[in-house]
Amino acid sequence: MQENDVSGAEEILKRRPSTHTVLYSDGAVEGEFRTKSFTTLAGVPTTRTTISEYGHRLTIDLSQAYFSSRLATERQRIRSAVQEGEVICDMFCGVGPFPIALAERASWILACDKNPSAIHLLRENLLTNHTRNVLPMLGDARRLGELFPCTFDRVLMNLPMIAADFLPVADQITKPGGTIHLYALQEEEGEYRERIGSVLPGCTINERFLRSYSAGRWHAVYDIKKGQAGTNFVP
């Protein structure tokens with residue numbers, strides 16, 4: 001809820017029998033793992049629940065690992081772009097909504113996150129959805145290039161606050177001609193185009209508006225097609 005309204009929370013539980021908890025967010029997303037703290041206004045005192053997204057079941061814990069249902073349509077857009085047999089890397093996978101959505105089309109997916117709670121929930125979600133071609137990796141995405149000598153057809157970078165800092169790593173692990181999806185928060189159209197071009201010269205860029213985030217700031221995705229010759233970026 002947007003307001004600390006106990007009576008309103010109890011009314012929600014009465015009107016929605018499937019709802020077991022009503023929470024009030026105590027503040028904004030914070031910390032390295034982008035989590036929030038909550039107050040239980042009504043119902044079961046928990047931040048853990050299971051949701052359904054386009055036929056998949058996802059267990060989430062809002063106080064332990066970041067999750068946004070607002071990207072559900074975006075995940076389906078990426079799924080429709082994936083070609084059969086692609087090898088994919090999700091550099092900041094969270095509880096696994098992207099890997100699970102894409103797994104049916106991909107050959108295999110590397111799902112990386114630095115948050116132990118996120119990887120724990122990812123493993124649960126892989127079991128729940130009988131997904132066998134996703135490899136969870138607990139670790140820092142900066143080390144992907146040294147830990148995995150292979151390269152990927154498609155790389156996802158859904159860490160909007162700082163994902164652009166990892167572009168050199170994404171360049172390193174993406175095949176020539178491969179695709180990188182960079183998610184970013186921005187205040188101006190095309191804010192990251194120059195930065196992307198400096199790391200991946202010769203690439204093609206398609207920018208898309210996703211949603212408003214705050215006053216004068218919005219969530220965007222840059223679909224980046226890497227040049228066939230590669231880039232060999234040197235910082």
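Each reported figure results from applying straightforward, stated rules to the coordinates on display, with no laboratory input. If you're wondering where the values come from, they're calculated on a predicted model, not measured in any experiment. Note: ideal-geometry Cβ built from the backbone for every residue, glycine included; neighbour counts use all protein chains shown.
For this structure, a couple of remarks:
- Among (i) 24, 21, 17; (ii) 33, 20, 15; (iii) 29, 21, 19, the entry that matches semi-axes √(5λ) of the Cα gyration tensor in Å as calculated here: (ii)
- Extension gain for Thr204 to Glu104 (0.36 nm times residue separation, less C-alpha to C-alpha distance): 33.3 nm.
- Cα shape, segment 6-61, gyration tensor, a/c 1.5 rule: oblate
- Ranking of Arg70, Arg79 by count of other Cβ atoms within 10 Å, fewest first: Arg70, Arg79
- A Cβ-based charge dipole, computed about the Cα centre of the chain with Lys and Arg at +1 and Asp and Glu at -1, lands at about 580 debye.
- Gain upon complete extension [Arg79, Glu194; 0.36 nm per residue less C-alpha separation]: 38.7 nm
- When the chain is described by a simple charge dipole with +1 on each Lys and Arg Cβ and -1 on each Asp and Glu Cβ, the residue from Leu13, Pro201, Pro168 located farthest towards its positive end is Leu13.
- Seen against the Cα atoms of the chain and their longest principal axis, helix 116-128 is set at about 90 degrees.
- Under 17 Å from a label point set 7 Å out along the Cα-to-Cβ vector of Asp5, the amide N atoms of segment 27-45 belong to 39-43.
- Helix-only CD estimate at 222 nm, as mean residue ellipticity for the chain, using -39500 (n - 2.57) per DSSP H run (n ≥ 4): -6500 deg cm²/dmol
- Contact order relative to length of segment 6-61, as percent, for alpha carbon pairs under 8 angstrom and 6 or more apart: 28
- Cα long-axis angle, helix 6-15 against the chain (0 to 90 degrees, to the nearest 10): 80
- Shape of segment 95-197, Cα gyration tensor, a/c cut at 1.5: prolate
- Residue list for segment 143-186, given a label point 7 angstrom along the Cα-to-Cβ vector of Gln228 and an amide N cut-off under 19 Å: 152-154, 174-180
- In this calculation the C-beta distance from Ser214 to Thr19 is compared with R0 = 41 Å, giving a FRET efficiency of 0.90.
- Set of aspartates and glutamates with alpha-carbon distance to Lys175 below 12 Å, sequence-local pairs under 8 removed: Glu86, Asp153
- For the chain, relative contact order (Cα pairs under 8 Å, six or more residues apart, normalised by length) works out to 12 percent.
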